[in-house]
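The values are calculated or read from the model by the stated rules, or taken from the named source; none is laboratory data. As the structure is a prediction and not an experimental result, all values here were calculated from the model. All Cβ positions, glycine included, derive from the backbone under ideal geometry; neighbour counts span all protein chains shown.
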Amino acid sequence: MVILGLVLVGTAVTSCKDDESYADQKKKERKVVDAFLERAPVILMGANNDTLLNISKMNVITQEQFEAQDSMTDVSKNEFVFFGSTGIYMQIVRKGPGEKLQHGETKRILCRYWEYNILGDSLQTTDIAPYWATNPDVLLASNNSGTISASFDIEKGGGAMYMIYGKTAVPKGWIVPLSYINLGRQKTGDEGIALVRMIVPHSQGTEDATSNVYPCFYEISYQEF
């Protein structure tokens with residue numbers, strides 16, 4: 001059982017072996033991602049036997065199909081769009097209220113997330129726990145002529161991602177959804193904020209993931225802070 005609020009970094013499981021080349025590590029990553037896409041279901045349990053995530057077999061669609069669907073994925077079919085240039089798989093569960101980050105605009109964005117180490121087959125970090133309630137993960141995101149950049153706001157000490165990994169740089173994979181989702185505040189009980197799920201390869205993940213060559217599955221919510 002995975003305990004709610006678990007905060008671990010999986011380097012012990014995923015650290016490189018002296019006799020394993022980078023090419024070999026990338027092949028291993030590709031194999032575990034392919035297996036993860038076919039795996040049904042992936043169930044993460046909380047401390048009270050509550051289901052945190054229940055992910056069934058994933059249906060991969062092309063960017064062309066994604067764009068034809070108004071940059072949305074069909075959650076009923078568990079669709080994930082594959083971005084060939086980055087190796088990221090993304091599902092938009094909800095686009096959220098408000099508008100996309102506009103050109104020349106900077107916003108503070110509150111994020112809540114689960115980080116599942118696919119290679120280690122375990123929930124690695126999360127800020128969805130009482131401990132992090134007063135110190136959420138907040139991004140400072142800017143759109144400069146269509147190029148979006150972001151860093152973690154650590155004015156009040158930072159959230160789980162900064163406290164665990166010690167970096168203000170936001171993983172590249174976390175920035176990708178900002179081109180497609182809306183950033184607003186929930187105004188009614190049935191108006192859900194933006195929510196995405198992603199498979200993020202090592203090259204688009206945290207510095208720890210990049211160094212140790214492991215992919216992660218994320219569920220992340222985004223809302224204007």
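Please go through segment 132-142 and pick out each residue that is in contact with a helix residue (DSSP H, G or I) (Cβ under 7 Å, 6 or more places away or on another chain), surrounded by 20 or more Cβ atoms within 10 Å (Cβ to Cβ) and among the hydrophobic types (A, V, I, L, M, F, W, C). Result: A141, single match.
Here's the yes/no breakdown for (1) buried (at least 18 other Cβ atoms within 10 Å of the Cβ); (2) within 28 Å of N212 (Cβ to Cβ); (3) aromatic (F, W, Y):
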| site | (1), (2), (3) |
| --- | --- |
| G84 | no, yes, no |
| I92 | yes, no, no |
| H103 | no, no, no |
| T106 | no, no, no |
| Y116 | yes, yes, yes |
| Q124 | yes, yes, no |
| D127 | yes, yes, no |
| P130 | no, no, no |
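Yes/no per residue for (1) farther than 30 Å from V32 by Cβ; (2) touching a strand residue (DSSP E or B) at 6+ places or on another chain (Cβ under 8 Å); (3) not hydroxyl-bearing (S, T, Y):
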| position | (1), (2), (3) |
| --- | --- |
| S71 | no, yes, no |
| E79 | no, yes, yes |
| T86 | no, no, no |
| Q102 | yes, yes, yes |
| T106 | yes, yes, no |
| C111 | no, yes, yes |
| N135 | yes, no, yes |
| L140 | yes, yes, yes |
| S151 | no, yes, no |
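At least 3 residues being of a type in the set (A, V, I, L, M, F, W, C) and over 13 Å from the mean Cα position of the chain (by Cα) is the threshold, and among the strands (runs of 3 or more DSSP E) wholly inside segment 56-118 those reaching it are 79-83.
Listed here are the residues, each with its yes/no results for (1) polar (S, T, N, Q); (2) assigned to a loop (DSSP other than H, G, I, E, B); (3) modelled with pLDDT of 95 or more; (4) at positive phi.
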{"position": "N135", "(1), (2), (3), (4)": "yes, yes, no, no"}
{"position": "K156", "(1), (2), (3), (4)": "no, yes, no, no"}
{"position": "P177", "(1), (2), (3), (4)": "no, no, yes, no"}
{"position": "I181", "(1), (2), (3), (4)": "no, yes, yes, no"}
{"position": "Q186", "(1), (2), (3), (4)": "yes, yes, no, no"}
